[in-house]
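Trainee: Attaching a single structure in structure tokens format; questions to follow.
The values are calculated or read from the model by the stated rules, or taken from the named source; none is laboratory data. The structure displayed is predicted, hence computed values, not measured ones. No Cβ is skipped: glycine too gets one built from the backbone with ideal geometry, and neighbour counts run over all protein chains shown.
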Amino acid sequence: MMMTDEWMNVIDMAEELSDMLLRSEVVKTYQDAYNRVYSNSDLRKEIINFNRVKEQYEEVQRFGRYHPDYKSVMKDIRLQKRALDLRDEVAALRLAENDVQSLLDEIGIMIGSSVSAAVKVPAGDGAFTNTSCGGGCGSGGSCSCSA
């Protein structure tokens, strides 16, 4: 592939978009939330402990309920995840992550639709995105939704 002026313009615009994203309020909020989580030594220890239990959980999942430590590991992972989820810092980080993902999804949709209406753009998980019919009409598309 040859580098042309057109390609250079695309690269320049992509770098400009990247800079705008990094300067955006959404990304700044995410960075602040991330720093609050990982600058708290107690919370970092909880996350490290959770990751250890998560490794045990993954090992137990290989064998399912036949693993000798199945019940204790399942209980530990739920308790530790719940404890982490109830921390305000972690909740703020998750919300900020969702906001950044939504922004990236919107940008991807804009770029894809500027190329062609037929371009399919993966955006989010699809479960909680807004659609024209509210996301669950169950009518098989009779409401003019994109189901």
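Trainee: Filter region 82-103 for residues that are in a helix (DSSP H, G or I), surrounded by 15 or more Cβ atoms within 10 Å (Cβ to Cβ) and of a type outside the set (Gly, Ala, Ser) and give the result.
Mentor: Passing the criteria: LEU84, GLU89, VAL90, LEU93, ASP99, VAL100, GLN101, LEU103.
Trainee: Moving to a separate point now. Looking at this structure, is ARG44 surrounded by 12 or more Cβ atoms within 10 Å (Cβ to Cβ) and either out of contact with any strand residue (DSSP E or B) (no Cβ under 8 Å at 6 or more places or on another chain) or not in a helix (DSSP H, G or I) (or both)?
Mentor: yes
Trainee: Being modelled with pLDDT of 65 or more and among the β-branched types (Val, Ile, Thr) is the filter here; which residues of region 94-147 pass it?
Mentor: VAL100, ILE107, ILE109, ILE111, VAL115, VAL119, VAL121
Trainee: Checking PRO68 against (1) assigned to a helix (DSSP H, G or I); (2) at pLDDT 90 or above; (3) exposed (fewer than 15 other Cβ atoms within 10 Å of the Cβ), which test does it fail?
Mentor: Answer for PRO68: the failing condition is (1).
Trainee: Search region 1-31 for residues being part of a helix (DSSP H, G or I) and in contact (Cβ under 8 Å) with a residue 24 or more places away in the chain, and hand back the single one that is farthest from the chain's Cα centre (by Cα). Reasoning before the result, please.
Mentor: Restricting attention to region 1-31, the residues satisfying the condition of being part of a helix (DSSP H, G or I) are 5-23, 25-31.
Those left that are additionally in contact (Cβ under 8 Å) with a residue 24 or more places away in the chain: 17, 21, 26-27, 29-30.
Values: LEU17: 20, LEU21: 16, VAL26: 14, VAL27: 13, THR29: 15, TYR30: 12 Å.
Across region 1-31, the extreme among qualifying residues is LEU17.
Trainee: Just the residues that are surrounded by 10 or more Cβ atoms within 10 Å (Cβ to Cβ), within 21 Å of VAL90 (Cα to Cα) and of a type in the set (Asp, Glu), please, taken from region 1-34.
Mentor: Of everything in region 1-34, just one residue is surrounded by 10 or more Cβ atoms within 10 Å (Cβ to Cβ), within 21 Å of VAL90 (Cα to Cα) and of a type in the set (Asp, Glu), namely ASP32.
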